[in-house]
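A.B. asks: Before I ask anything, here is the structure I am working with.
Nothing in this text is a laboratory measurement; each read-out follows from the coordinates by a stated rule. Since the structure is predicted, the reported quantities are computational estimates derived from the model, not experimental observations. FYI the Cβ positions are ideal-geometry reconstructions off the backbone, even for glycines, and counts take in every protein chain you see.
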Amino acid sequence: MEFEETPKQQYSETEKQNIFNNEFMPHINSMYNFGYRLTLDQDDSKDLVQDTYLKAYRFIDSFQQGTNAKAWLFRILKNSFINDYRKKSKEPSKVDYQEVESYYNSEEVDRQITPDLRVEALQDMIGDEISNALNSLDVDFRTVIILCDLEGFKYDEMAKILDIPIGTVRSRLHRARNLLKEKLSEYAKQMGYKNA
Amino acid sequence: MSNPDQSKMKQDCETQRECMEMLQLIVDGEATPEQKSNFLNNHLEQCMPCYKNYHLEVAIRQLLKSKCASQAPQELVDSIKAKVIQNLAS
């Protein structure tokens, strides 16, 4: 559990309030977006984010000032999602993890990927295409794209947030991006881009 | 990056899989400076598929950033703050 690893701090009430307001709250938009992309439901996302912030406050003595508050918060949110929400979320039950990962690690998939998706086609995607494409991915693939491409976390930070080795972060990102491109090519084709 | 003469670029990449991995390391800011300059100077501008892939990767990230971020509702922010203050008082 994330709260047991670091030596406990002993902050005064004022210090706690300062940390909460100045280090935790500035990440509220990123946190809400992460919650929304995980649950795909606005109400669930609000609950998840609120639970996360209250948990963060309750365990604030486990947060070391000067360390990455955003990564710390994201990790709590991700764990809360897995423990409390994933079971009851509306998503269909998950395919076996190993199976998915080894399938997408096979050479087969790389060969299928059309590298012909064009930048011009992307520039015409002014609606919800990219958002829908992202939401259509399996939650584990969706997650790495959000953490890396949207939030700018480094691989080692992602490894800590997700509790997986860096090698897995890299391979999962690689597969996730291929799947996203596949989805975007479908949209591009529907938009009339022949070579997309 | 300059705008290379596309007619002089090679149209096939024999190492596309490895190149793609390097390309993502670069775009993610995880490549070493040597890896980066080596790839950008010695490969990218001579190789059409990699050149296209690079621009595609960059465009997808821009699209994600511009279309997939959202703002937390004000009521959520207020509610969190209220609950924490309550917590302080108790």
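A.B. asks: With a cut-off of at least 1 residues that are in contact with a Pro (Cβ under 8 Å, 6 or more places away or on another chain) and more than 7 Å from chain A (Cβ to nearest Cβ), name the helices (runs of 4 or more DSSP H) lying wholly within region B:33-90.
C.D. replies: Result: B:48-67.
A.B. asks: Specify the residue that is surrounded by the most Cβ atoms within 10 Å (Cβ to Cβ); the eligible residues are those in region A:35-56 that are in contact (Cβ under 8 Å) with a residue 60 or more places away in the chain and more than 10 Å from chain B (Cβ to nearest Cβ).
C.D. replies: That would be A:38.
A.B. asks: Can you confirm whether region A:183-192 contains a residue that is under 16 Å from residue A:129 (Cα atoms), in contact (Cβ under 8 Å) with a residue 24 or more places away in the chain, at the interface with chain B (Cβ under 8 Å from one of its Cβ atoms) and of a type in the set (A, V, I, L, M)?
C.D. replies: Looking through region A:183-192, at least one residue is under 16 Å from residue A:129 (Cα atoms), in contact (Cβ under 8 Å) with a residue 24 or more places away in the chain, at the interface with chain B (Cβ under 8 Å from one of its Cβ atoms) and of a type in the set (A, V, I, L, M).
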